Amino acid sequence: MVVTNPEVSSVRDSDRIIGLLDSKTIKAEKGETLEKHLILTRYDTARAARGDMLKVEDVLEILSLPLLAIIPDSQDVLRASNVGCPVTLNSPLSAPARAYADAVRRLQGEAVPMSVPTDRRSFLDKFFTRRAA
């Protein structure tokens with residue numbers, strides 16, 4: 001599993017790690033291939049459209065890995081981190097939590113459509129969702 005965010009420096013570092021995985025692992029030394037997937041974190045469609053970060057297509061072109069999930073940038077992740085709790089438990093209805101759950105389902109072989117999750121929630125979701133910090 002390769003996890004990166006859509007900033008040029010992070011994607012370049014991930015590309016180097018992929019090269020190491022393909023050449024320096026025990027499987028690589030035996031001539032076997034190592035199955036790899038990509039999780040793209042902290043993705044913001046508006047910033048990507050402005051050119052402030054790489055678009056999903058650009059990251060996929062550079063890394064050439066199958067995309068497992070796109071995790072949107074969200075304050076819910078920061079809040080969960082501040083209380084020491086995974087976002088999937090702290091804010092289970094948040095877009096990042098839903099995206100992680102979809103990634104797990106894909107790893108288990110389910111055919112889950114790929115989309116760029118957003119943090120748009122109904123008023124009642126916002127009102128009744130427990131907030132940390």
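The numbers here are math on the coordinates, done by the rules we state, and not lab data. Fair warning: this is a prediction, and the values are worked out from it, not measured in the lab. With ideal geometry, Cβ positions are generated from the backbone for all residues, glycine too; neighbour counts draw on all protein chains shown.
Is there a residue in segment 21-30 that is loosely packed, with under 14 Cβ neighbours inside 10 Å, of a type in the set (Ser, Thr, Tyr), in contact (Cβ under 8 Å) with a residue 40 or more places away in the chain and not in a strand (DSSP E or B)? Spell out how you get there, then give the answer.
Pass one, segment 21-30, residues loosely packed, with under 14 Cβ neighbours inside 10 Å: 22-27, 29-30.
Restricting the remaining residues to those that are of a type in the set (Ser, Thr, Tyr) gives 23, 25.
Among the residues that remain, those that are also in contact (Cβ under 8 Å) with a residue 40 or more places away in the chain are: none.
Scanning segment 21-30, I find no residue that is loosely packed, with under 14 Cβ neighbours inside 10 Å, of a type in the set (Ser, Thr, Tyr), in contact (Cβ under 8 Å) with a residue 40 or more places away in the chain and not in a strand (DSSP E or B), so the answer is no.
Could you check how many residues of segment 64-80 are more than 17 Å from Val116 (Cβ to Cβ) and either of a type in the set (D, E, K, R) or part of a helix (DSSP H, G or I) (or both)? Quick ask: steps written out before the conclusion?
The first filter runs over segment 64-80 and keeps only residues more than 17 Å from Val116 (Cβ to Cβ), leaving 64-65, 75, 78-80.
With the extra rule that they be either of a type in the set (D, E, K, R) or part of a helix (DSSP H, G or I) (or both), the set shrinks to 75, 78-80.
Going through segment 64-80 one residue at a time, the tally reaches 4.
Any residue in segment 57-69 that is within 14 Å of Ala95 (Cβ to Cβ) and crowded, with 16+ Cβ neighbours inside 10 Å?
Of the residues in segment 57-69, the ones within 14 Å of Ala95 (Cβ to Cβ) are 69.
With crowded, with 16+ Cβ neighbours inside 10 Å added as a condition, the list becomes 69.
Yes, that holds for at least one residue.
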